[in-house]
Amino acid sequence: MDPIELTQRLGRWSSGRGPLYVLLATRLGTLIDDGELRPGAPLPPDRALASALAVGRSTVVNAYDRLTVEGRIVRRQGSGTRVAGPAGSEIRGTTDAPAFLHLLEPKDDVILLACAAPDAPPPELVQAYAETLPDLAALTGDIGYHPTGHPALRRAIAERYERRGVPTAPEQVLVTTGGQQALSLLARAFVSPGDVVVVEAPTYPGALEVFREEAAVLRPLPVGLDGLEAIVADHDVSLAYVIPTFHNPTGQVLPALRRQRLVSTAARSDVRVIEDEALVELGFPGEEPPPPLGASTDQVISIGSLSKVVWAGLRIGWVRAPSSVVTRLARLRVVHDLGGNVPAQLAAAHLLARLDPIRHRQAAQRQARCGHLRAELARRLPEWEVPTTVRGGQTLWIRLPRGDATSFAQTALRNGVAILPGRGLDAGGRSEEYLRVHFIAPPDQLSEAVRRLAAAWADYDPPATPSRSAPAMAV
């Protein structure tokens, strides 16, 4: 197993109490017992794993020795270190994406700058739920299964697209359990093993995971998919995935001319484009979202969500697409969950009518917190390369002046801060010198996080690495 892959699977292994080698052995033992590390699976050499974890070699040696005594691993000179037991039949693996694994960890005193979403529902959401009670009381002849989404919410979403100048019928809307399910359904519908999917580098790691689940071949391009025309000339491309507005993680907005070129290339080449608009409502004051790419062509499918602008716990997302695509997605979806939560969908339908006041209120707050984080970074970590212009979104894409973000993330974790290394957001395996942090936490928490990051940076002893070149990102 690749050292970095194992490092990601270990999660927040070092945030407990006790010697590091005991914490490492305990987490490795749990992964073995849970079947995440299967019998016969190779483990990284001592030095390689120590480098990835930013610990001394003795920490890994002592952890491996402990697991050997427990009978969980076997070490043989010349054949390396393996999980004990004969290699069994292959079973489908689970995700090793840090953005997801952090959600599975128990609460601790680690400040999470890795997972970005509002941490409390706004009062408008509570009011919307109260307003659904008469609707629920009046329901008759409805068993509650709506694979395409509740009609009231489909109408509300279509009307919001209409207000953005995009004619949309309710039949063009599929309601999903968050934007992540929308991505998963689209990947299952349009990607077969070996198909080429074009993605930005960097991009949202959850999208990379769903495409990899379908065994896609990922072809990375710079932010904005500059170069798509050349790729479609050489490859049979199944999908192209883009975040054109308040891009995750850079926050950039694709200019109008580049949008037109992308849409034209997709139409000429018959390439279906997935436009992720989960962050489209996250502009700073004065930054109004542009129309969706799909406003002028059926080659573009748009994804939306309330998780980032309202609350992640609401779990309401959607797909805007031709009605034939919506029908196909519904047939895939019904096998897995029959339909979403009706009370939540009714509340979301009420909420969409008052979404703009929420968006405007949060825009000022997020801009202030972004400025606060940038000021704290400039004060305590002036050598870090922090974006000087941010128009929206919820994250900063920061370049480290030395070392790599994967090993630094381990040092930061031991200082009580969880960050996302850039490698996991880049399908090309680059962006090692970048890290993603969000700025939506309260100012005092952001200040404490930067204080801990500065302490981690002072302790950080980067492994020897070859010279680096930054991925192209300009839009």
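The values are calculated or read from the model by the stated rules, or taken from the named source; none is laboratory data. No experiment lies behind these values; they were computed from the predicted model shown. All Cβ positions, even for glycine, are placed from backbone atoms using ideal geometry, and neighbour counts span all protein chains on display. Protein only, heavy atoms only, side chains kept; ligands, DNA and RNA dropped before computing areas. Shrake-Rupley method; radii C 1.70, N 1.55, O 1.52, S 1.80 Å.
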Calculated from DSSP helices alone, with each H run of at least 4 adding -39500 (n - 2.57) and the total divided by the residues of the chain, [θ]222 nm to the nearest 500 comes to -13000 deg cm²/dmol
Label-point separation in nm, Val22 to Ala375, each point 7 Å along Cα→Cβ: 4.3 nm
Hull-based mean projected area of segment 13-95, where the convex hull spans the alpha carbons, in square nanometres: 5.8 nm²
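With a 10 Å radius around each residue's Cβ, average the other Cβ atoms per peptide and rank 67-80, 305-318, highest first. The partial results should precede the final answer.
Values: 67-80: 13.0, 305-318: 22.6.
Going from most to least packed, we get 305-318, 67-80.
Could you report segment 108-172's accessible area per residue, 1.4 Å probe, as an integer in Å²?
Accessible area per residue: 53 Å².
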Could you state the principal axis extents of the C-alpha atoms in segment 85-163, from the largest down, to the nearest angstrom? 59, 37, 29
Spatial extent of segment 285-435: Rg and Dmax, with the Cα atoms as the point set, Å: 19.8, 54
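Which shape class applies to segment 173-291: rounded if a/c is under 1.5, otherwise prolate when a/b exceeds b/c and oblate if not, where a ≥ b ≥ c are the square roots of the Cα gyration tensor eigenvalues? It would help to have the intermediate numbers written out before the result.
Details: a/c = 1.78, a/b = 1.21, b/c = 1.47.
In terms of gyration-tensor shape, oblate.
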Does a label point 7 Å from the Cα of Ala267, set along Cα-to-beta-carbon, have any residues of segment 146-187 with amide nitrogen under 16 Å, and which are they? 166-167
Could you tell me which of rounded, prolate or oblate describes segment 8-158, using a ≥ b ≥ c as the square roots of the eigenvalues of the alpha-carbon gyration tensor, with rounded for a/c under 1.5 and, failing that, prolate when a/b is larger than b/c and oblate otherwise? prolate
